[in-house]
Amino acid sequence: MSKYKVKIGIIGGSGLEDPQNEILNHRTVITREDAKNEFGLPSSDLYQGNIEGVDVVLLSRHGPAHTISPTAVNYRANIEALRLAGCTHILASAACGSLQESIHRGQLVIPDSFIDRTIKRHVTFYDGTSSKYAGVCHIPMEPAFNPETSKILYQVGKELEYDVRYSGTIVVIEGPRFSSKAESNAWRFWGGDLVGMTTCPEVYLAKEAGLLYALIAMATDYDCWRDCEDNVHAADVVVVFKKNVDKVKNLLIRTIKLIGEKNWDKEIENLQELCRSSNVSS
């Protein structure tokens, strides 16, 4: 018997802003105003229901109709809203640019590390403004993404016979502009496999909040480093993602079922202890 009841938060990124009507059973809605917390309003209403008998909560990162830019997303309010809703896990999706010849348009990647190049975001809950997150927390970010959850995503992708890659480094830029060619080549030189705009601070806020976080990244373009390709354009990104969005939905549904069958007590308690021991003010 598990001590913790699994509940999975799904954060839909570009191209997956409104998936609840297609994948969610027995839907109830918590409005943004009701989900407001000490960090502000989340990006969207929270849609609660179940998938394959597992409780889930869906949130749109950029809001309905993609009205919130990467910089303006209230990442802290989003993560805190999912934590307060009782989530144990977060499965997030993101459209990304490929920085490698071996990662092509439409391919799914389950990243295992990141390089954060954002500069304008609230990067921690532990900034002295919250009694819930009191003190100074030096959270370790290796592993950056929860390995067990990430492995299930990869396993399911292979079972579904999708073109899916396990491991990769995502470079996270501030946006909303895309990279210059010099920047794109610099990310490649640094060892980046993908470039996106939203994984940070989302991934490390989730860890601070004690949530097991994994990412499904879809390569939609080659940024602007590849001389034989057209440079990235937002309209093209959306077209590629929408052509492949059913893969992400199918991957989520099957992964949620498998997560719900597993006892996560050890992983949850280990992360809770990591958060406690990383707080030097405790």
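Under the combined filter of DSSP loop state and at most 16 neighbouring Cβ atoms within 10 Å, the range 189-244 retains these chymotrypsin sites (Phe, Trp or Tyr not before Pro): Trp190.
What are the lysines whose alpha-carbon lies under 29 Å from the alpha-carbon of Lys151, with same-chain residues fewer than 8 places away excluded? Within the straight-line limit of under 29 Å, Lys151 reaches these lysines: Lys3, Lys5, Lys7, Lys207, Lys242, Lys243, Lys247, Lys249, Lys257, Lys262, Lys266. Less than 10 Å Cβ to Cβ from Ala214, Lys/Arg counted +1 and Asp/Glu -1: what total charge do the surrounding residues give? Around Ala214, the surrounding residues sum to -1. Distance between the 7 Å Cα→Cβ label points at Tyr4 and Asn270: 1.1 nm. Rounded to the nearest 5, the antiparallel percentage of DSSP beta bridges internal to the chain is 35%. A straight chain from Asn185 to Ala234 at 0.36 nm per residue would run longer than the Cα-Cα distance by 15.7 nm. About its Cα centre, the chain has a charge dipole of approximately 360 debye under the convention of +1 per Lys or Arg Cβ and -1 per Asp or Glu Cβ, with nothing else charged. The label-point distance for Val29 and Glu261, in a model that sets each label 7 Å from Cα toward Cβ, rounds to 3.4 nm. Which net charge results for the neighbourhood of Val73, defined as the other residues with beta-carbon distances under 10 angstrom from its beta-carbon, given Lys and Arg at +1 and Asp and Glu at -1? Value of the local net charge: +2.
Shape verdict for the range 1-140, please, from the Cα gyration tensor: rounded (a/c under 1.5), prolate (a/b greater than b/c) or oblate. The shape class here is rounded. Which of the helices in the chain meet the span-like rule: DSSP H, Cα axial reach of 30 Å or more, Kyte-Doolittle mean at least -1.0? Within the chain the helices that satisfy the rule are 234-261. If you run the Gaussian network model on the chain, springs between alpha carbon atoms under 10 Å, then out of Asn250, Asn74, Asn146 the most flexible one is Asn250. For the range 185-282, averaging the sequence separation of C-alpha pairs within contact (under 8 Å, six or more residues apart) and dividing by the residue count gives a relative contact order of 27 percent.
Along the range 217-224 the Karplus relation, 6.51 cos²θ - 1.76 cosθ + 1.60 evaluated at θ = phi - 60°, assigns HN-Hα couplings of 9, 10, 6, 10, 6, 10, 6, 9 Hz to successive residues, with x for each Gly and Pro. Using a 10 angstrom cutoff on alpha carbons, build the Gaussian network for the chain and name the most mobile of Gly13, Gly196, Gly128. The residue with the greatest mean-square fluctuation here is Gly128.
Here, each number is a calculation from the coordinates, and none is a lab measurement. These figures come from a predicted structure and were not determined experimentally. Because the Cβ atoms are built from the backbone with ideal geometry, glycine has one as well, and the counts that use them run over all protein chains shown.
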